[in-house]
Amino acid sequence: MPLDSHSPCPCGSGKEIRFCCSDMLKDYQQLETMLSGGQFAAALSMIEKLEKDHPNNAALISAKCLILRETGRFDEFIAQAESFYRGNPDKLKAIAEYVIARTIGGQTDEALSVLVDGIEKNEPGKIDGSLLFPLIMIAQQLLEQGNIYTAVALAKLSQSFNPKGRESAALLAQIYRRKDIPLIEKELTFDPAAPDDFPFRDKYQDAAVRLATGHWKEGRAILEELLSCAGQWPNLYRSLGLVNFWLGDTDAAAEAMRKFASSAKVSFDDAVDALTAAMLTRRQLSDDLDVMQVIRTIPNPDKALEILLSTPRLVSMPFDARMYGDAERPAPSHAFRVVDRPFPPQGEALTLENTPLLLGTFLFFGKQTDRDARIEIQVFEQNRETLLAFLSEALGAELGPEVETNLLTKLPWLFKKLDPEFQIKDSAAFPAESVKKLYRDYFETAFAEEWLNHPSDFLDGKTPLAYAGQPESAPVLSALVQTVAFQTDPQFSEGLARALREKLGIPQPETLTPPEGDDSAVLAFFQRIPIWRWCRADVSTLSVTAAGQLLRVVSIFGEDEAMTRLSDRILSVPADEADSAKTASASESETASAPDRRPLSAAEARYMAYEVRIAKAETAEGPAKALELIAEAKRVAREAGISDASLSLREAAMQLALGRIDEFRRLVSYVAREHRGDPEAMAELQMMMINLGLINPDGTPRTVSNAPAAAEPVSPAAEPKLWTPDSDAPSSGGSKLWTPD
Ligand SMILES: [Zn+2]
């Protein structure tokens with residue numbers, strides 16, 4: 001919106017321009033036009049001229065900061081932002097620029113601390129618009145650094161201040177899509193209120209408001225004051241732990257979580273979760289393994305290559321040499337994997353004994369003008385000797401002397417062990433089930449054995465087995481098992497956790513039994529349980545509509561195990577029985593975090609369950625099964641009055657995978673024709689065509705040989721913005737920053 005005399009003044013005073021810098025209205029208007037038009041050079045010279053008469057004008061300085069940033073002059077920007085902040089440590093515009101500068105410089109701890117100070121200068125629940133951009137910027141950086149708790153908290157905070165903000169929505173979506181981040185890290189939360197009999201209920205309420213509005217330091221101070229009452233209500237420790245995670249004080253957070261967990265008033269499950277939360281923040285820090293690089297010369301490359309290519313325990317890996325190397329460092333000609341034992345004969349069942357593991361890899365470089373032929377080996381330190389001995393034996397005199405040995409990187413022990421790197425030649429020759437069994441055996445026997453005997457930082461350097469046996473060790477060990485399970489491939493994590501608990505003599509998680517009866521009681525039961533525990537619930541008594549409500553929630557969080565159980569439950573109820581049941585009333589029972597709280601019909605629940613089942617069939621059971629399910633789902637959709645566009649497109653993709661081009665064309669044409677007016681369907685259609693490489697992101701058809709692109713041209717009706725989320729470039733976002741909202 002163009003500035004007028006009633007607009008909030010860009011100098012950040014909080015007053016309208018007419019009561020503030022009224023003499024500069026024309027200049028501000030002109031500056032704004034230039035900034036939003038991207039005329040940065042002209043704007044900068046105008047600012048420099050104006051500054052002669054208006055030194056230290058915050059609007060001009062922050063516009064200058066914006067220009068320096070937008071034009072990539074980061075060193076100048078950082079210097080400018082620093083002096084702006086030093087001169088005006090209480091001005092939010094200066095704080096905003098300083099936080100951005102520190103974030104760009106990688107000093108996220110300081111950036112975060114100053115940001116929180118800035119937020120605390122606002123009333124709880126309000127924020128100056130200039131702080132929103134630095135807020136989301138730090139959140140993105142913290143996510144990259146693996147500080148999940150703070151990244152999530154900032155993204156949610158940003159969304160609460162600016163519900164329509166695209167950056168925060170995109171960031172949250174990115175976080176929730178990440179399967180490698182356990183839900184507990186995304187969703188661990190503090191109690192919104194203290195129990196009725198807690199004497200300082202109001203004070204806690206005050207702290208909770210501050211935690212929820214970004215006033216984290218103030219909130220933490222109140223919680224610390226209340227700690228003398230933590231004996232009465234140990235949850236104070238959990239809230240304190242969480243805000244300490246957010247503020248980056250991991251040690252204090254872990255200490256608070258331990259105190260919470262050790263209280264006799266805390267349930268076993270809650271104690272385990274709190275300890276798990278603390279362990280997860282340190283999971284990448286311990287137990288480094290060295291990855292080494294060893295370079296050896298090859299005196300006679302042709303001869304060596306002949307041997308290498310005919311040695312059974314060496315696997316030449318196909319790769320595109322053009323992707324690597326440049327004029328400085330020409331690409332290797334070959335890449336090899338070295339396996340630790342011979343491959344089993346075809347047809348023999350895979351076992352832990354007969355399946356080779358990766359010993360290391362090496363790149364083969366032919367002779368170059370100024371360099372001998374050589375191999376560059378990458379190997380874990382503990383495999384180095386074995387691998388070199390094997391190569392010496394295979395190559396004999398063709399393996400030249402060592403040129404150099406370097407430490408390439410370090411990896412956590414657990415990280416390596418959770419990825420055993422079995423080498424399976426021609427995996428198509430083995431049924432998927434036998435490969436799965438191999439991995440299951442690995443996790444439940446070989447890995448379990450090694451893990452139980454491996455010292456852990458979380459157990460004062462003891463091994464889990466040595467730590468077991470005392471009653472007070474059960475929550476800690478359970479948390480450690482859960483931490484490992486969260487990092488394990490979901491296909492094997494439950495079996496692994498079960499095996500570890502058995503060996504450690506600690507309890508298996510109890511099955512959670514929901515009440516029988518009406519949906520609202522069932523939903524209220526689940527609402528009291530953290531979502532990551534829902535997969536432990538017995539769902540066999542749930543009504544279709546209750547299961548549908550729960551499925552809607554777990555789908556948002558991508559909880560695969562719970563999604564599978566709930567959709568299986570829904571589809572196990574015969575359709576006529578389910579449809580005679582009444583509609584769940586979601587209004588009485590606010591389902592946790594579900595954005596869509598309208599009641600759900602049995603048919604809609606069945607439709608959602610089919611979506612989950614189809615996705616599973618697509619990845620695990622193949623297109624034939626998926627098509628069968630799609631046909632059933634379409635029938636349900638028709639009955640429920642749900643659009644069949646999405647199902648038809650999924651079917652099209654399956655038909656294409658089966659090579660049935662005519663069916664593919666028919667379905668695509670059908671959606672393009674029948675759902676022309678539905679922007680969501682059109683966007684989905686275009687997305688699919690782009691993914692299949694049939695059209696370019698701008699909607700123009702792609703000329704690819706033998707592609708089934710001859711289907712009816714796709715309607716360009718859908719707004720192109722739908723699938724070019726990056727289309728609003730920072731330059732247009734930039735001027736919004738400068739102009740107060
Ligand atoms: Zn002003």
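The values are calculated or read from the model by the stated rules, or taken from the named source; none is laboratory data. Here the structure is a predicted model, which means the values were calculated and not measured. A quick note on method: Cβ atoms are made from the backbone with ideal geometry, for glycine too, and the neighbour counts reach across all protein chains shown.
Would you pick out the residues in the range 462-499 that are within 26 Å of Ile181 (Cβ to Cβ) and aromatic (Phe, Trp, Tyr)?
If the condition is that a residue be within 26 Å of Ile181 (Cβ to Cβ) and aromatic (Phe, Trp, Tyr), then Phe486, Phe492 are the ones that fit.
Quick one: in the range 22-54, of everything that is over 16 Å from Arg73 (Cβ atoms) and touching a Lys or Arg at 6+ places or on another chain (Cβ under 9 Å), which residue is farthest from the ligand (Cβ to nearest atom)?
The qualifying residue farthest from the ligand (Cβ to nearest atom) is Ser36.
Please verify whether Lys126 is within 16 Å of the ligand (Cβ to nearest atom), of a type in the set (Lys, Arg) and modelled with pLDDT under 95, treating the condition exactly as stated.
In short, no.
So Ala252 fits all but one of (1) farther than 20 Å from Ser473 by Cβ; (2) at pLDDT below 90; what number is the exception?
It fails just one condition, (2).
Could you list all residues from the range 410-423 that are part of a strand (DSSP E or B) and over 14 Å from Gln382 (Cα atoms)?
Phe422
Residues being touching a Ser or Thr at 6+ places or on another chain (Cβ under 8 Å) and buried (at least 18 other Cβ atoms within 10 Å of the Cβ): count how many of those fall in the range 354-378. Before you say what the answer is, go through the steps one by one.
Here is the first cut: in the range 354-378, the ones touching a Ser or Thr at 6+ places or on another chain (Cβ under 8 Å) are 359, 364-366, 372-374, 377-378.
Restricting the remaining residues to those that are buried (at least 18 other Cβ atoms within 10 Å of the Cβ) gives 359, 364-365, 373-374, 377.
Residues flagged as touching a Ser or Thr at 6+ places or on another chain (Cβ under 8 Å) and buried (at least 18 other Cβ atoms within 10 Å of the Cβ) within the range 354-378 amount to 6.
Using the structure shown, decide if Arg341 is touching a residue at least 40 places away in the same chain (Cβ under 8 Å), out of contact with any Cys (no Cβ under 6 Å at 6 or more places or on another chain) and not β-branched (Val, Ile, Thr).
no
Go through the range 55-64 and report how many residues are more than 14 Å from the ligand (Cβ to nearest atom) and at positive phi.
Here the count works out to 0.
In the range 294-316, what residues are within 12 Å of Phe364 (Cα to Cα), free of Cβ contacts under 8 Å to residues at least 40 places away in the same chain and not in a helix (DSSP H, G or I)?
Selection gives Ser316 alone.
State whether one or more residues within the range 65-77 are among the basic types (Lys, Arg), under 41 Å from the mean Cα position of the chain (by Cα) and away from the ligand (no atom under 16 Å from the Cβ).
yes
From the list Glu32, Glu16, exactly one residue is of a type in the set (D, E, K, R) and surrounded by 19 or more Cβ atoms within 10 Å (Cβ to Cβ). Which is it?
Glu32
One line per residue, one yes/no per condition, for (1) β-branched (Val, Ile, Thr); (2) surrounded by fewer than 22 Cβ atoms within 10 Å (Cβ to Cβ); (3) in contact with a helix residue (DSSP H, G or I) (Cβ under 7 Å, 6 or more places away or on another chain); (4) closer than 19 Å to Thr281 by Cβ:
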residue	(1), (2), (3), (4)
Ser83	no, yes, no, no
Gly106	no, yes, no, no
Leu115	no, no, yes, no
Leu142	no, no, yes, yes
Tyr149	no, no, yes, yes
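Has the range 423-431 got at least one residue that is at pLDDT 90 or above and of a type in the set (Val, Ile, Thr)?
Scanning the range 423-431 turns up no residue that is at pLDDT 90 or above and of a type in the set (Val, Ile, Thr).
Pull out all pairs, ordered by first then second residue, where Cβ-Cβ is under 7 Å, the residues are six or more apart or on different chains, the first lies in the range 488-505 and is in contact (Cβ under 8 Å) with a residue 60 or more places away in the chain, and the second is assigned to a helix (DSSP H, G or I) and surrounded by 19 or more Cβ atoms within 10 Å (Cβ to Cβ).
Thr488/Phe443; Thr488/Leu496
Just the residues that are in a helix (DSSP H, G or I), surrounded by fewer than 19 Cβ atoms within 10 Å (Cβ to Cβ) and charged (D, E, K, R), please, taken from the range 485-514.
Answer for the range 485-514, where residues must be in a helix (DSSP H, G or I), surrounded by fewer than 19 Cβ atoms within 10 Å (Cβ to Cβ) and charged (D, E, K, R): Glu494, Arg498, Glu502, Lys503.
Only one of these is at pLDDT below 95, over 30 Å from Ala575 (Cβ atoms), touching a Leu at 6+ places or on another chain (Cβ under 9 Å) and not aromatic (Phe, Trp, Tyr): Gln487, Gln470. Name it. Full working, then the answer.
Values: Gln470 fails: touching a Leu at 6+ places or on another chain (Cβ under 9 Å).
Exactly one residue qualifies, and that residue is Gln487.
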